[in-house]
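The values are calculated or read from the model by the stated rules, or taken from the named source; none is laboratory data. Keep in mind the model is a prediction, meaning the values are calculated, not measured. Cβ sites come from the backbone with ideal geometry, for glycine too, and all protein chains shown count toward neighbours. Ligands, DNA and RNA are excluded from the accessible area calculation, which covers all protein heavy atoms including side chains. Shrake-Rupley method; radii C 1.70, N 1.55, O 1.52, S 1.80 Å.
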Amino acid sequence: MFILVKRQDNEVLLNTSHIWRIEAEYATPDGKFSIGAAKGIADVEARKKYTIFIGNEAISVPADPEHPLAKIIGDIYDKAIRIN
């Protein structure tokens with residue numbers, strides 16, 4: 001599967017099988033201030049944002065349940081094996 005990233009001058013297709021890292025960050029409900037993971041996980045109102053690393057690209061995606069890419073990344077993230 002590919003992710004289409006639109007840029008000012010062009011479009012880039014990135015292969016999802018090359019994702020090597022996904023980071024989740026949390027912010028206050030208004031999105032103005034970052035909060036730590038423990039606080040963000042505990043606060044159901046906190047906003048979540050994913051940063052996806054594919055090759056040398058880093059793509060930021062809000063964890064909006066209606067965003068098609070966020071649905072895929074959220075599913076990967078939720079099914080991940082947790083080690084701590």
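Couple of notes before you dig in:
- Cβ-Cβ under 7 Å pairs, at least 6 apart or on other chains, the stretch 26-45 side of a type in the set (A, V, I, L, M, F, W, C), far side in a loop (DSSP other than H, G, I, E, B) and surrounded by 10 or more Cβ atoms within 10 Å (Cβ to Cβ): 27/46; 35/28; 35/46
- Per-region count, the stretch 1-17, residues loosely packed, with under 11 Cβ neighbours inside 10 Å and either more than 14 Å from residue 72 (Cβ to Cβ) or among the small types (Gly, Ala, Ser) (or both): 8
- Summed over the stretch 32-84, the residues that are of a type outside the set (Phe, Trp, Tyr), open to solvent by less than 40 Å² (accessible area, probe 1.4 Å) and either under 12 Å from the mean Cα position of the chain (by Cα) or under 16 Å from residue 16 (Cβ atoms) (or both) give a count of 10.
- Exactly one residue out of 63, 42, 46, 58 is touching a helix residue (DSSP H, G or I) at 6+ places or on another chain (Cβ under 8 Å), modelled with pLDDT of 85 or more and not basic (Lys, Arg): that is 46.
- Qualifying positions in the stretch 50-84 - touching a residue at least 24 places away in the same chain (Cβ under 8 Å) and either assigned to a loop (DSSP other than H, G, I, E, B) or farther than 23 Å from residue 7 by Cα (or both): 55, 63, 74, 76, 77
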